[in-house]
Amino acid sequence: MQFVVTAFDKENSLDLRMDTRDAHLAYLNEVGVTLIAGPLLTEEETPKPRGSVLIIEVADRAAAEAFAANDPYAKAGLFDKVTIRRWIGAVGSWLSISD
């Protein structure tokens, strides 16, 4: 199953994000369930990260929740809010559609 994990950073937490970034990226690579991921950005002329969007493929909702909870960003207390929604890709050259 595919899920979209959307996480919104707490206010004034850019330093925490940057300090935890390497561990976060290593986790995504080690776990191996991420189809695509990237930061949400501010609307400033020079945008800064303010959250994350990840599309993952895991067995079920419990696995998606465990994945999100074990992200080093989450463990560091970076996020103000995290949502997890079931999703399936329909269009895009990078898609790997499965049931």
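The values are calculated or read from the model by the stated rules, or taken from the named source; none is laboratory data. This is a predicted model, so every value here is computed, not measured. No Cβ is skipped: glycine too gets one built from the backbone with ideal geometry, and neighbour counts run over all protein chains shown.
Close contacts from region 43-57, counting a first residue that is over 26 Å from Gly32 (Cα atoms) and a second that is assigned to a strand (DSSP E or B) and modelled with pLDDT of 95 or more, with Cβ to Cβ under 6 Å and a gap of 6+ residues or different chains, come to Pro47/Leu41.
Can you tell me which residue among Ala37, Ala7, Ala68 is surrounded by 13 or more Cβ atoms within 10 Å (Cβ to Cβ), under 14 Å from the mean Cα position of the chain (by Cα), in a helix (DSSP H, G or I) and touching a residue at least 12 places away in the same chain (Cβ under 8 Å)? Give the derivation first.
Working: Ala37 fails: in a helix (DSSP H, G or I); Ala7 fails: in a helix (DSSP H, G or I).
Result of the check over Ala37, Ala7, Ala68: Ala68.
Among the residues of region 45-74, those identified as under 19 Å from Met18 (Cα atoms) and of a type in the set (Gly, Ala, Ser) are Gly51, Ser52, Ala68, Ala69, Ala74. Is there any pair with a first residue in region 76-89 that is more than 13 Å from Ala64 (Cβ to Cβ) and a second that is surrounded by 15 or more Cβ atoms within 10 Å (Cβ to Cβ) and small (Gly, Ala, Ser) whose Cβ atoms are under 6 Å apart and which are 6 or more apart or on different chains, and what are they? As it stands, the answer is Leu78/Ser13; Phe79/Ala7, since those pairs meet every condition given.
Take Ile56 and tell me if it is touching a strand residue (DSSP E or B) at 6+ places or on another chain (Cβ under 8 Å), at pLDDT below 95, of a type in the set (Val, Ile, Thr) and not in a helix (DSSP H, G or I). Before the answer, list the steps.
Details: touching a strand residue (DSSP E or B) at 6+ places or on another chain (Cβ under 8 Å): yes; at pLDDT below 95: no; of a type in the set (Val, Ile, Thr): yes; not in a helix (DSSP H, G or I): yes.
Answer is no for this residue.
Quick one: how many residues across region 18-75 are among the β-branched types (Val, Ile, Thr) and touching a Gly at 6+ places or on another chain (Cβ under 7 Å)?
We begin by selecting, within region 18-75, every residue among the β-branched types (Val, Ile, Thr); these are 20, 31, 33-34, 36, 42, 46, 53, 55-56, 58.
Within this subset, residues satisfying the condition of being touching a Gly at 6+ places or on another chain (Cβ under 7 Å) are 53.
Total satisfying the criteria: 1.
Under the condition of being of a type in the set (A, V, I, L, M) and either surrounded by fewer than 15 Cβ atoms within 10 Å (Cβ to Cβ) or free of Cβ contacts under 8 Å to residues at least 24 places away in the same chain (or both), the residues counted in region 15-30 number 4. All of Ser98, Ser93 fail the test of being over 16 Å from Gln2 (Cα atoms), at pLDDT below 95, among the hydroxyl-bearing types (Ser, Thr, Tyr) and surrounded by fewer than 14 Cβ atoms within 10 Å (Cβ to Cβ), apart from Ser93.
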